[in-house]
Amino acid sequence: MVGTSLSQQLENYIQTMHDQGILDYHFDHVKALQNEENPRFLMEVISMFAHDAEAGIAHLTTLLNSAVVDFAKVISFVHQLKGSSSSIGGVRMALACRQIRHACDNMDKERCLQLLERMKQEYNSLKECLNIIFEMERSIVVANETRHRQP
Amino acid sequence: MSDEDIVNNNLTALVVDDSPMIRKLHEMHLKKFGLKVQVAENGKNAVDLFRCGASFNLILMDKEMPIMDGAEATKELRIMGVTSMIVGVTSLDSIFERQAFMEAGLDHCFTKPLTSENIIFLLQELNNKNNEEN
């Protein structure tokens, strides 16, 4: 059946992301929350994460490129990004956020800027992974909806 | 506490977090364990809910939120006489920051993201609390 094959492909892809260290087990917990009443839950969470992450990264870029850095505000945004990335299983991005926090504690602007670039790279890797998962999930949802509509 | 007891509860929960994604995750997670869930996007909204007469067995409280943060909201709720179980769920790494959050009046504090093990622990604590009160 098309749906089963897609599901297996998705599982295989998620395992590959685990093996590469891009996702940890928290992603599996998020996926496990999806049920028949909320078949698009994972897609919604991925969309929300991407929206929040991009806004947060944009704020951080502006703040850290200011002449005088407001480290308290930087910490606030980094803190949010750490929470959301760890919640969706983006372990490497969460680690990069933690490193920025430590640099903020030392009020080290240059180090923060270096780590911001690293965090952006980790986000881009995570985003690419989540986009693929999103599209696979969408195909599965559409296949299931088509199957349910058939007499 | 059996698995059936864990899911067949009449417990209510309030998720307080400024992140829509985290609110959604925690809400789904708690609903999976049979709790009825409401959400609030900051500490002030949570306090206002209680002032309007709402009550919840469990409050999941983020620390860093605009308008009123989790520590302030927790202190305010305890001053109001709220005896709900208030559990901090935070990304804070610093032991001192977490200790300060606990001292605001939390019953427990977990690191984000919340896990099923955390929720099972909380349900058992709530069950014990109910047994003591009855």
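Here, each number is a calculation from the coordinates, and none is a lab measurement. Keep in mind it's a predicted model, so treat the numbers as computed, not measured. Counting neighbours? That spans all protein chains shown, and the Cβs are built from the backbone with ideal geometry, glycine included.
Between the C-alpha center of the stretch A:102-151 and that of the stretch B:6-81 there is a gap of 27 Å. Over all directions, the projected convex hull of the C-alpha atoms in the stretch A:68-151 averages 6.4 nm² in area. Taking 37 °C and 0.692 mPa s as the conditions, I'd like the Stokes-Einstein D for the stretch A:7-105 in µm²/s, using the Kirkwood hydrodynamic radius from alpha carbon pairs. So the translational diffusion coefficient is about 223 µm²/s. Look at the dipole of the stretch A:29-77 built from charges on Cβ: of A:Leu33, A:Ala67, A:Ile57, the Cα furthest out on the positive end belongs to A:Ala67. The lysines whose alpha-carbon is closer than 22 Å to the alpha-carbon of B:Lys32, local same-chain residues fewer than 8 away aside, are A:Lys31, B:Lys24, B:Lys112, B:Lys129.
Neighbouring Cβ atoms from other chains, within 10 Å of the Cβ of residues in A:39-45, number 2 on average. Which of A:Ala32, A:Ala55, A:Ala67 moves most in a GNM of chain A, Cα contacts under 10 Å? Largest GNM mean-square fluctuation: A:Ala67. Within 10 Å of the Cβ of each residue in B:15-22, the mean number of Cβ atoms contributed by other protein chains is 5.
Here the dipole of the stretch A:13-151 is about 160 debye; that uses its Cα centre as origin and unit charges on the Cβ of Lys and Arg (positive) and Asp and Glu (negative).
Counting Cβ atoms of other protein chains within 10 Å of each Cβ in B:94-103 and taking the mean gives 0.
So for the protein assembly as shown, taking the charge dipole from beta-carbon charges (+1 Lys/Arg, -1 Asp/Glu), which of A:Asn131, B:Cys109, A:Ile88 sits furthest toward the positive end? The listed residue farthest towards the positive side: A:Asn131. With coordinates expressed along the principal axes, the C-alpha atoms belonging to chain B extend over 39, 30, 26 Å, beginning with the largest.
In a reduced charge model with +1 at each Lys and Arg Cβ and -1 at each Asp and Glu Cβ, the stretch B:16-62 shows a dipole moment near 220 debye about its Cα centre.
All Cα-Cα separations within the protein assembly as shown were binned at 10 Å from zero, giving a P(r) of 6, 26, 31, 24, 11, 2, 0, each value a whole percent of the pairs. Comparing B:Leu14, B:Leu60, B:Leu114 in a Gaussian network model of chain B, where Cα atoms under 10 Å apart are tied by springs, the biggest mean-square fluctuation is seen for B:Leu114. Counting neighbouring beta carbons within 10 Å and listing from fewest to most, the residues B:Phe110, B:Phe121, B:Phe56 come out as B:Phe121, B:Phe110, B:Phe56.
Output the antiparallel fraction of DSSP beta bridges having both residues in the protein assembly as shown, as a percent to the nearest 5. If I count the DSSP bridges inside the protein assembly as shown, around 5 percent turn out antiparallel. For the peptides A:19-28, A:118-127, the ranking by mean Cβ contacts within 10 Å, running from highest to lowest, is A:118-127, A:19-28. Legend: ranking of residues A:His79, A:His29 from fewest to most surrounding C-beta atoms inside 10 Å; resulting order A:His29, A:His79.
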